[in-house]
Amino acid sequence: MLKTDKSQEIIRKAEKVIPAGVNSPVRAFHSVGGVPRIIKKGEGAFLTDVDDNAYIDFSASWGPLILGHADKDVVKAVQDQCENGMTYGTSTEHELNLAQFIVDNVEPVEKIRFVSSGTEAVMSAIRLARGFTERDLILKFEGCYHGHSDHLLVSAG
């Protein structure tokens, strides 16, 4: 049985200022039971929570951590970039370079749009599909989480 004392304490405090104590409905564990994990560290393919339980990270932050947690080259690149600022809310040459690399190396990608979250990605995909098909309806799997927008939270578990 996993220790969860520190996680439970943090969740109780968080529930006072964050709905359900978490920033995404799926992290509340309501549909599966148990205590949400409060992670303190990631290294390579592993996560460690505040109770010192270790886990294999199968979600990899839902995709962006393809190289794992705290990869030395990624950490160095982020540190170097931080000297120039971390986020601008506008376009950069770096995103053009990444987009060009993807278009040049991934068939059949011709154009790409970057987003900041899975919710944004799903919303963009729905908008594109509805515009292309000229249909108003979308299919959503019952009980599944497809992002945090109103029409996707229906029966989201």
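Summary table below
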{"item": "Some residue of the range 119-127 being within 20 Å of the chain's Cα centre (by Cα) and part of a loop (DSSP other than H, G, I, E, B)", "result": "no"}
{"item": "Single residue of the range 25-60 satisfying the filter (of a type in the set (S, T, N, Q) and part of a loop (DSSP other than H, G, I, E, B)) that is nearest to G143 (Cα to Cα)", "result": "S31"}
{"item": "Tabulated pairs, the range 131-157, first within 21 Å of W62 (Cβ to Cβ), second of a type in the set (D, E), C-beta under 7 angstrom, 6+ apart or interchain", "result": "S155/E142"}
{"item": "Residue count, the range 19-39 (criterion: surrounded by 13 or more Cβ atoms within 10 Å (Cβ to Cβ), modelled with pLDDT of 85 or more and more than 15 Å from the chain's Cα centre (by Cα))", "result": "6"}
{"item": "Residue under evaluation P108, criteria (1) closer than 23 Å to P64 by Cβ; (2) out of contact with any Leu (no Cβ under 6 Å at 6 or more places or on another chain); (3) surrounded by 10 or more Cβ atoms within 10 Å (Cβ to Cβ); (4) of a type outside the set (D, E, K, R), criterion not met", "result": "(3)"}
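Residues are listed down the side, and each one gets a yes or a no for (1) assigned to a helix (DSSP H, G or I); (2) assigned by TED's automatic domain parsing to the domain that holds V22; (3) surrounded by 14 or more Cβ atoms within 10 Å (Cβ to Cβ):
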residue	(1), (2), (3)
L65	no, yes, yes
D73	yes, yes, no
S91	no, no, no
I102	yes, no, no
V115	no, no, no
E142	no, no, no
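The values are calculated or read from the model by the stated rules, or taken from the named source; none is laboratory data. What you are looking at is a predicted structure, and each value in this text was computed from that prediction instead of being measured. In this analysis, Cβ positions are derived from the backbone assuming ideal geometry, glycine residues included, and neighbour counts consider all displayed protein chains.
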